[in-house]
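Remarks on the structure that follows.
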Amino acid sequence: MDKFTVVILDKDDISKQIITNYLKPFENNIESIKSFNSLSEINYNKIINLKRLVVIMDISEDIQQRCDFVARILQDNPRINVMTMADDYSIDTVIKSMRAGAKDFLPKPIKEQEFSAVIGKFFEYNNVIKHNNCKVITLFSNKGGIGKTSIAVNLALELANITKEKVALIDMNFQLGDVINFLDIKPSFNIAYVFDNLNNANEEFFLATFDKYKNTNLYVLADSPYLEQSKNITTNQIFTLFEKLRKTFSYVIIDTSNIFDDKTIPILDNTDFIMLVSVLNLPALRNCQRCLDVFDRLGYDKDKTKIVVNRYIENDDISIDDAEKTLNRKIYWKIPNNYFTLISAINKGLPVYDINPHSNLAKSYRELATVLSDNLYKQKLADRIIRNKKFSFKNLILS
Ligand SMILES: Nc1ncnc2c1ncn2[C@@H]1O[C@H](COP(=O)(O)OP(=O)(O)OP(=O)(O)O)[C@@H](O)[C@H]1O
Ligand SMILES: [Mg+2]
């Protein structure tokens, strides 16, 4: 289990001592506690590169400067947990702190019970992610309109068709989800309902609440129609959901929003492969580089992120080679630019394969699904063959 560093910024020595005492019950989660009197004492580069960090900051003085600091560290490492505190505070203080991205604010003098509740939530995040045979694949980009949803939908459907395993497609773009429109689904339930009933969630529940797409093994979960419904989803609930999904599905494909926030990060933490989508232009590649930097800070293995170039055109101004040099990473997959086929699929609410199975776009989605499915698919087939003597090795090789 990775332990946390706790940084306390407070010029009042007694207050620092009280907080240190309150942290005693959490000592199993804590690597070290570092106390500072002022911002200038903190080595910025050192702290943002810490994998697990909790910052407890007094904002009674220099509020603007301290909130700017909070906003900056969270931009550089969104997984840092920040709690602010102040004596003589106003509602404006609380709003400023929240806008900067602090997860909680407590009035001084700090009460042990309240403090433990806040800090306890930060440490719960240190859950161990259990892996089994399920692959969770998340489409992400910090730029909008780049092709996440079109790839998520078509990839999920191809995975279901190729592997015949149960595949879940989940809309976790809590702001502006549109997965159901791409497949013209009128959902019976949505993600808010699933979170509300998480305690009862098991295979039977998932298969009954997700919308089965036509006669495939694809199960789709819509986003919630009202933004407020997903506002209170906690990190712990997200972890629990993934733990349960892994027991039901062989593949879980997640469509996300474009921001690093308190929902996106736990989703990415629970992901086996992040498909980081970009296009070959400079602003998009720069954004892609920023994402890679954030993933490094989050402590993700390099192999976890696969860069997908969407809307690829041969002999474009920027080549794949240029992109690889800029990003210092290999491009994992390229999806051709084919506006006509895709827009006609979107407008009809159909997968690209149903519009034109011979198009370069349909082929690219299918090949991507084949590559991603390979290990697990073959492994499961081999298991089945061993269990069931009716299968022969010829079947395995032919598939
Ligand atoms: N391979 C492609 N070829 C041509 N056009 C494409 C391709 N992929 C995506 N597009 C265009 O980009 C638009 C946005 O795609 P999509 O909705 O999949 O992006 P997104 O990243 O999910 O967007 P958002 O940030 O709004 O969720 C599509 O409507 C389509 O016009
Ligand atoms: Mg989208």
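Which residue out of Thr149, Thr163, Thr138 is touching a Ser or Thr at 6+ places or on another chain (Cβ under 6 Å), modelled with pLDDT of 85 or more and within 16 Å of ligand 1 (Cβ to nearest atom)?
After ruling out the rest, the residue left standing is Thr138.
For the range 52-79, what are the residues that are modelled with pLDDT of 85 or more, outside any helix (DSSP H, G or I) and touching a Gly at 6+ places or on another chain (Cβ under 9 Å)?
Hit for the range 52-79 is Arg52, nothing else.
Of everything in the range 80-102, what is in a loop (DSSP other than H, G, I, E, B) and open to solvent by 10 Å² or more (accessible area, probe 1.4 Å)? Give them in sequence order.
Asp87, Asp88, Tyr89, Ser90, Gly101
Open to solvent by less than 80 Å² (accessible area, probe 1.4 Å), assigned to a helix (DSSP H, G or I) and basic (Lys, Arg) - does that describe any residue in the range 346-362?
no
Can you give me the number of residues within the range 1-33 that are closer than 17 Å to Phe69 by Cα and open to solvent by 20 Å² or more (accessible area, probe 1.4 Å)?
Residues that pass the stated criteria total 1.
Scanning for something assigned by TED's automatic domain parsing to the domain that holds Leu221 and open to solvent by 60 Å² or more (accessible area, probe 1.4 Å), does the range 263-274 turn up at least one residue?
No, the range 263-274 contains no residue that is assigned by TED's automatic domain parsing to the domain that holds Leu221 and open to solvent by 60 Å² or more (accessible area, probe 1.4 Å).
Take the residues in the range 171-193 that are more than 14 Å from ligand 1 (Cβ to nearest atom) and out of contact with any helix residue (DSSP H, G or I) (no Cβ under 6 Å at 6 or more places or on another chain), then tell me which one is nearest to Leu218 (Cα to Cα).
The residue in question is Ile185.
Of (1) surrounded by fewer than 20 Cβ atoms within 10 Å (Cβ to Cβ); (2) under 16 Å from the mean Cα position of the chain (by Cα); (3) among the aliphatic types (A, V, I, L, M), Ile170 satisfies all except one. Which?
That leaves (1) as the condition not met.
Suppose the filter is basic (Lys, Arg), over 18 Å from Thr271 (Cβ atoms) and at pLDDT 95 or above; does Lys231 pass it?
It is false that Lys231 is basic (Lys, Arg), over 18 Å from Thr271 (Cβ atoms) and at pLDDT 95 or above.
When both residues are 6+ apart or on different chains and their Cβ atoms are under 8 Å apart, which pairs have a first residue that lies in the range 304-318 and is in the same structural domain as Ala362 (by TED's automatic domain parsing) and farther than 18 Å from Tyr339 by Cβ, and a second that is outside any strand (DSSP E or B) and open to solvent by 80 Å² or more (accessible area, probe 1.4 Å)?
Ile307/Lys330; Ile318/Leu282
Can you tell me which residues in the range 311-345 are in contact with a helix residue (DSSP H, G or I) (Cβ under 9 Å, 6 or more places away or on another chain), open to solvent by 30 Å² or more (accessible area, probe 1.4 Å) and in a helix (DSSP H, G or I)?
Selection gives Asp322, Thr326, Leu342.
Check Ala284 against each of (1) more than 16 Å from ligand 2 (Cβ to nearest atom); (2) assigned to a helix (DSSP H, G or I); (3) under 25 Å from the mean Cα position of the chain (by Cα) and name the one condition it does not meet.
Going through (1) more than 16 Å from ligand 2 (Cβ to nearest atom); (2) assigned to a helix (DSSP H, G or I); (3) under 25 Å from the mean Cα position of the chain (by Cα) one by one, Ala284 breaks only (1).
Do we have any residue at all in the range 99-110 that's at pLDDT below 95 and either of a type in the set (S, T, N, Q) or within 23 Å of Lys363 (Cα to Cα) (or both)?
No, the range 99-110 has no match at all.
Which one of Leu139, Leu53, Leu106, Leu155 is surrounded by 20 or more Cβ atoms within 10 Å (Cβ to Cβ) and more than 16 Å from ligand 2 (Cβ to nearest atom)?
Result: Leu53 is the single residue among Leu139, Leu53, Leu106, Leu155 that is surrounded by 20 or more Cβ atoms within 10 Å (Cβ to Cβ) and more than 16 Å from ligand 2 (Cβ to nearest atom).
For Asn127, all conditions in the list (1) away from ligand 1 (no atom under 16 Å from the Cβ); (2) at pLDDT below 95; (3) outside any helix (DSSP H, G or I); (4) open to solvent by less than 60 Å² (accessible area, probe 1.4 Å) hold save one; what is the number of the exception?
Answer for Asn127: the failing condition is (4).
The values are calculated or read from the model by the stated rules, or taken from the named source; none is laboratory data. Everything numeric here is computed off the predicted structure, so don't read it as measured data. All Cβ positions, glycine included, derive from the backbone under ideal geometry; neighbour counts span all protein chains shown. Ligands, DNA and RNA are excluded from the accessible area calculation, which covers all protein heavy atoms including side chains. Shrake-Rupley method; radii C 1.70, N 1.55, O 1.52, S 1.80 Å.
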